[in-house]
Amino acid sequence: MTSVVLIGGGRMGSLVRARLEEVGGFELLGTYDASNAAELDGAAPAADLAIDFSNKAALPHVLAYVRRTGAALLSGTTGFSDAELDELRALGEATRVVHSANYSLGVAVLRRMCAEAARALGDWDAEIVETHHNQKADAPSGTAKLLLEAIDPTGEAPVAYGREGMVGARPAGEIGMHSLRGGTVAGTHEVHFFGPDEEVCLTHRATSRQIFVNGAVACAQRLMARPVAGFYTFDQLMFD
């Protein structure tokens, strides 16, 4: 039985809690959100695994908890800066850690397809369009950033975050990034490759948050099966 503390009391947290009960093998010791996150620094019980689907503002408490207890960490929180991601990676020196902006198996496959398309269509124009519900706080989405990394792993291409005014001809090698917000959309990501007289569009549509929950819990099971500390990617745990 794997003991768990759940960080994030919103809709994702509720769905994760229900999924943990459904699959079995997990014992929930407590749930923490903005109202009691400070308890993670000292009062929260030590668990085998911390699952974080909260807000980036909770990161100091999450880090404190993992350092104090040695718990493994599955993080699905988005919006982290590069420096904050480095702090998560550093935890991998002492315990098992996985962070992903998206725990959908379909999105993981989309990333692989985008990387292959970018290699094969190197001189084509690439544009990423992501759509989410009107309550989403960060833009572009963490998943869109993962797709950008798949297309441009070296990070050398200039990125246009939307366009306005007399921008002139599209520069060669530029990647467009566009964020749409509205309604209750769980998440749609489109990656367009435009060539002479033809276009390839790769699309993933999420119809509910349950796909992220199912993937996260499956990933948690594989993370706990790893015998050594390390910072793992979702792809490593699910496909390697």
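Here are the numbers:
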| quantity | calculated |
| --- | --- |
| Span from the segment 51-71 Cα centroid across to the segment 203-224 one, whole angstrom | 20 Å |
| Candidates 184, 131, 69, ranked by Gaussian network fluctuation over the chain, Cα under 10 Å, top entry | 184 |
| Distance (nanometres) between label positions extended 7 Å along Cα→Cβ at residue 109 and residue 14 | 3.0 nm |
| Fraction of accessible area attributable to carbon and sulfur, segment 109-240 (%, probe 1.4 Å) | 52 percent |
| Carbon/sulfur fraction of accessible area - segment 6-76, other protein chains in place, 1.4 Å, % | 48 percent |
| Solvent-accessible heavy-atom area per residue, rounded to whole Å², over segment 109-150 at 1.4 Å | 48 Å² |
| Distance between modelled label sites at residue 157 and residue 83, nm, 7 Å Cα→Cβ extension | 2.9 nm |
| Qualifying GluC sites (Glu not before Pro) in segment 56-160, DSSP loop, other Cβ atoms within 10 Å at most 11 | 93, 156 |
| For segment 1-87: accessible area per residue (Å², 1.4 Å) | 44 Å² |
| Environment charge at residue 138 (Cβ cut-off 13 Å; Lys +1, Arg +1, Asp -1, Glu -1) | +2 |
| Percent antiparallel among DSSP beta bridges (both partners in segment 151-240, rounded to 5) | 75 percent |
| Fully extended contour minus Cα-Cα distance, from residue 203 to residue 134, at 0.36 nm per residue | 22.8 nm |
| Using a Förster distance of 41 Å, the FRET efficiency for residue 164-residue 3 (Cβ separation, nearest 0.05) | 0.20 |
| Beta bridges by DSSP in the chain, antiparallel share as percent, to the nearest 5 | 35 percent |
| Acute angle (nearest 10 degrees) that the helix 82-91 long axis makes with the longest principal axis of the chain, alpha-carbon atoms | 40 degrees |
| Shape of segment 92-136, Cα gyration tensor, a/c cut at 1.5 | oblate |
| Cα gyration tensor shape for segment 158-240, rounded if a/c is under 1.5, else prolate or oblate | prolate |
| Gyration tensor (alpha-carbon) shape descriptor, segment 1-146, a/c threshold 1.5 | prolate |
| 12 Å beta-carbon shell around residue 220, net charge (K/R +1, D/E -1) | +2 |
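The values are calculated or read from the model by the stated rules, or taken from the named source; none is laboratory data. Worth saying up front: this structure is predicted, and the values here are computed from it rather than measured. Please note: Cβ atoms are built from the backbone with ideal geometry, for glycine as well, and neighbour counts cover all protein chains shown. Please note that ligands, DNA and RNA were not included when accessible areas were found on the heavy atoms of the full protein model with its side chains. Shrake-Rupley method; radii C 1.70, N 1.55, O 1.52, S 1.80 Å.
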